[in-house]
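Colleague: One structure follows; several queries about it will come next.
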Amino acid sequence: QVQLVESGGGLVQPGGALRLSCVVSENIFSISTMGWYRQVPGNQRESVAIITNTGNSNYADSVKGRFTISRDNAKNTLYLQMNILKPEDTAVYYCMAYHNYRNYWGQGTQVTVSS
């Protein structure tokens, strides 16, 4: 059972920045795909950014150029650097790990962008 714990969310003004972290209970070198998703109440969970264990990454169009996903295998940690935040980025952000043919999820961290 893979456990994921997110942190780093909070309240930030438009144009500000936050860095989310996700600590994983397993050696993430063996996890092929990890990612960040977000969900607003009443909406479906959507993919924000994905990264493979070879370093390939993919981003939602709405965050390209503003968000950067990265993974530190030595620390078993996934990151999401979020810059130039907008009110529409407000959501609960979830960390995901795809391992042994199933998805594992963290509990989520709230990001609120408001003045």
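Colleague: What are the residue pairs meeting all of these: first residue in the stretch 100-115, first residue in contact (Cβ under 8 Å) with a residue 60 or more places away in the chain and over 21 Å from GLN81 (Cβ atoms), second residue of a type in the set (Gly, Ala, Ser) and surrounded by 11 or more Cβ atoms within 10 Å (Cβ to Cβ), Cβ atoms under 6 Å, and 6 or more apart or on different chains?
Modeller: TYR104/ALA97
Colleague: Taking into account only those residues within the stretch 1-13 that are open to solvent by 50 Å² or more (accessible area, probe 1.4 Å) and part of a strand (DSSP E or B), which is farthest from THR90 (Cα to Cα)?
Modeller: Of the residues in the stretch 1-13, the ones open to solvent by 50 Å² or more (accessible area, probe 1.4 Å) are 1, 3, 5, 7, 11, 13.
Checking the rest, the ones that are also part of a strand (DSSP E or B) come to 5, 7, 11.
Values: VAL5: 19, SER7: 15, LEU11: 9 Å.
Filtering the stretch 1-13 for residues that are open to solvent by 50 Å² or more (accessible area, probe 1.4 Å) and part of a strand (DSSP E or B), the one farthest from THR90 (Cα to Cα) comes out as VAL5.
Colleague: If you scan the stretch 68-79, which residues turn out to be part of a strand (DSSP E or B) and small (Gly, Ala, Ser)? Spell out how you get there, then give the answer.
Modeller: So in the stretch 68-79, the residues part of a strand (DSSP E or B) come out as 68-72, 77-79.
Within the stretch 68-79, SER70 is the sole residue that qualifies.
The values are calculated or read from the model by the stated rules, or taken from the named source; none is laboratory data. These figures come from a predicted structure and were not determined experimentally. Glycine gets a Cβ as well: all are built from the backbone with ideal geometry, and neighbour counts include every protein chain shown. Only protein heavy atoms, including side chains, enter the accessible area calculation; ligands, DNA and RNA are left aside. Shrake-Rupley method; radii C 1.70, N 1.55, O 1.52, S 1.80 Å.
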